[in-house]
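One structure below.
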Amino acid sequence: MVAAEHHLVAKDILRTFKSDDGTELIALQNFNLEVDHGEVVALIGPSGCGKSTFLRLVAGLDMPQGGTLAYNGEPITKPDPNRGFVFQQANLYPWLTIEKNVAFGLKANGVYKEQQGRVQEMIDLMGLTGFEKSYPHQISGGMAARVAIAQTLVMDPDVMLLDEPLSALDAFTRAVIQDEILGICAKFNPIVLLVTHDIEEAVYLADRVVVLSPRPGTKIAEIPVDLPHPRNRISDEFIAKRHEILDALQFD
């Protein structure tokens, strides 16, 4: 029986940067990852280990200096609306209403006329109904995070790249949006790559947790989270997974 082809494949990725003093910094080295359609994979590790760098490579916003990175067998060489990026800070256009922020990608790609119905669909899905005519300065941080996710979802991406989009939110709002993300995964079945420093968030959302080493970042552990949804954050099994990830993060 032939194994199914992975949709996203990273092999021996190398990405280096020059510091201000000319020193070469290695962000990622020999980094390998394969992700199937419908999987949620969390990347976790110390600050500066290359987690966000890898998301930028998958988005096509940056290029590796070594290794190969492909989606559906095709090399990733540039950005594509099919790979949606939700940044740590909601990058909303302050002069546009919520409705127009969500519609921006459709208009920029020349498909708004055919797909404008998706704008209200995503607004409703993310619990923003009634705020269509509001501006970013008139809504809360939690709502801004929802708008940023709706901006990505409206393009119907096969890949969602989440770079700590919930990190600045209070615990209650964060938990609510985590459940909304799980609803999105169940409805649309995308590949999801989630960068987080929150071990509980990783266990709650992910099918697998990939642990990266301190810089240069490389994969040192891959921990499956084979717990059914909805997950109970205080169950023995959930807590055991948290400890397993914590153990993997105890670097020598």
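The values are calculated or read from the model by the stated rules, or taken from the named source; none is laboratory data. No experiment lies behind these values; they were computed from the predicted model shown. Positions of Cβ are generated from backbone atoms using ideal geometry, with glycine treated the same way; all protein chains shown enter the neighbour counts.
Given (1) part of a strand (DSSP E or B); (2) at positive phi; (3) surrounded by fewer than 16 Cβ atoms within 10 Å (Cβ to Cβ), identify the lone condition not met by residue 67.
(3)
When you scan the stretch 212-224, do you find a residue that is without any contact (Cβ under 8 Å) to a residue 24 or more places away in the chain and either over 17 Å from the mean Cα position of the chain (by Cα) or surrounded by fewer than 19 Cβ atoms within 10 Å (Cβ to Cβ) (or both), even just one?
Of the residues in the stretch 212-224, the ones without any contact (Cβ under 8 Å) to a residue 24 or more places away in the chain are 222, 224.
Now drop any that are not either over 17 Å from the mean Cα position of the chain (by Cα) or surrounded by fewer than 19 Cβ atoms within 10 Å (Cβ to Cβ) (or both), which leaves 222, 224.
For the stretch 212-224, residues without any contact (Cβ under 8 Å) to a residue 24 or more places away in the chain and either over 17 Å from the mean Cα position of the chain (by Cα) or surrounded by fewer than 19 Cβ atoms within 10 Å (Cβ to Cβ) (or both): present.
Hey, can you tell me all the residues within the stretch 13-33 that are loosely packed, with under 14 Cβ neighbours inside 10 Å, of a type outside the set (Ser, Thr, Tyr) and closer than 21 Å to residue 213 by Cβ? Full working, then the answer.
So in the stretch 13-33, the residues loosely packed, with under 14 Cβ neighbours inside 10 Å come out as 17-25.
With the extra rule that they be of a type outside the set (Ser, Thr, Tyr), the set shrinks to 17-18, 20-22, 24-25.
Passing the criteria: 17, 24, 25.
Touching a residue at least 40 places away in the same chain (Cβ under 8 Å), within 17 Å of residue 149 (Cα to Cα) and either surrounded by 13 or more Cβ atoms within 10 Å (Cβ to Cβ) or in contact with a helix residue (DSSP H, G or I) (Cβ under 7 Å, 6 or more places away or on another chain) (or both): is that true of residue 88 in this structure? Talk me through it step by step, then tell me what you get.
Details: touching a residue at least 40 places away in the same chain (Cβ under 8 Å): yes; within 17 Å of residue 149 (Cα to Cα): yes; either surrounded by 13 or more Cβ atoms within 10 Å (Cβ to Cβ) or in contact with a helix residue (DSSP H, G or I) (Cβ under 7 Å, 6 or more places away or on another chain) (or both): yes.
Yes, satisfied.
Would you mention how many residues in the stretch 77-91 are in a loop (DSSP other than H, G, I, E, B) and touching a Phe, Trp or Tyr at 6+ places or on another chain (Cβ under 9 Å)? Steps first, please.
Looking only at the stretch 77-91, we keep the residues that are in a loop (DSSP other than H, G, I, E, B), and these are 77-82, 87-91.
Cutting the leftovers down to touching a Phe, Trp or Tyr at 6+ places or on another chain (Cβ under 9 Å) gives us 79-80, 82.
Number of matching residues: 3.
Do we find that residue 206 is crowded, with 17+ Cβ neighbours inside 10 Å, in the same structural domain as residue 44 (by TED's automatic domain parsing) and out of contact with any Lys or Arg (no Cβ under 9 Å at 6 or more places or on another chain) in this structure?
Numbers: crowded, with 17+ Cβ neighbours inside 10 Å: yes; in the same structural domain as residue 44 (by TED's automatic domain parsing): yes; out of contact with any Lys or Arg (no Cβ under 9 Å at 6 or more places or on another chain): yes.
Yes; evaluated as a whole, the condition is true for this residue.
Exactly one of (1) assigned by TED's automatic domain parsing to the domain that holds residue 57; (2) surrounded by fewer than 17 Cβ atoms within 10 Å (Cβ to Cβ) is unmet by residue 176. Its number?
(1)
Can you give me the number of residues within the stretch 39-54 that are within 14 Å of the chain's Cα centre (by Cα), within 16 Å of residue 198 (Cβ to Cβ) and surrounded by 21 or more Cβ atoms within 10 Å (Cβ to Cβ)?
6
Is it true that residue 236 is modelled with pLDDT of 95 or more and of a type in the set (Asp, Glu)?
Details: modelled with pLDDT of 95 or more: yes; of a type in the set (Asp, Glu): yes.
It is true that residue 236 is modelled with pLDDT of 95 or more and of a type in the set (Asp, Glu).
Answer with yes or no whether residue 166 is out of contact with any Pro (no Cβ under 7 Å at 6 or more places or on another chain), of a type outside the set (Phe, Trp, Tyr), surrounded by 15 or more Cβ atoms within 10 Å (Cβ to Cβ) and assigned by TED's automatic domain parsing to the domain that holds residue 29. Working first, answer last.
Working: out of contact with any Pro (no Cβ under 7 Å at 6 or more places or on another chain): yes; of a type outside the set (Phe, Trp, Tyr): yes; surrounded by 15 or more Cβ atoms within 10 Å (Cβ to Cβ): yes; assigned by TED's automatic domain parsing to the domain that holds residue 29: yes.
When the stated conditions are applied, residue 166 passes them.
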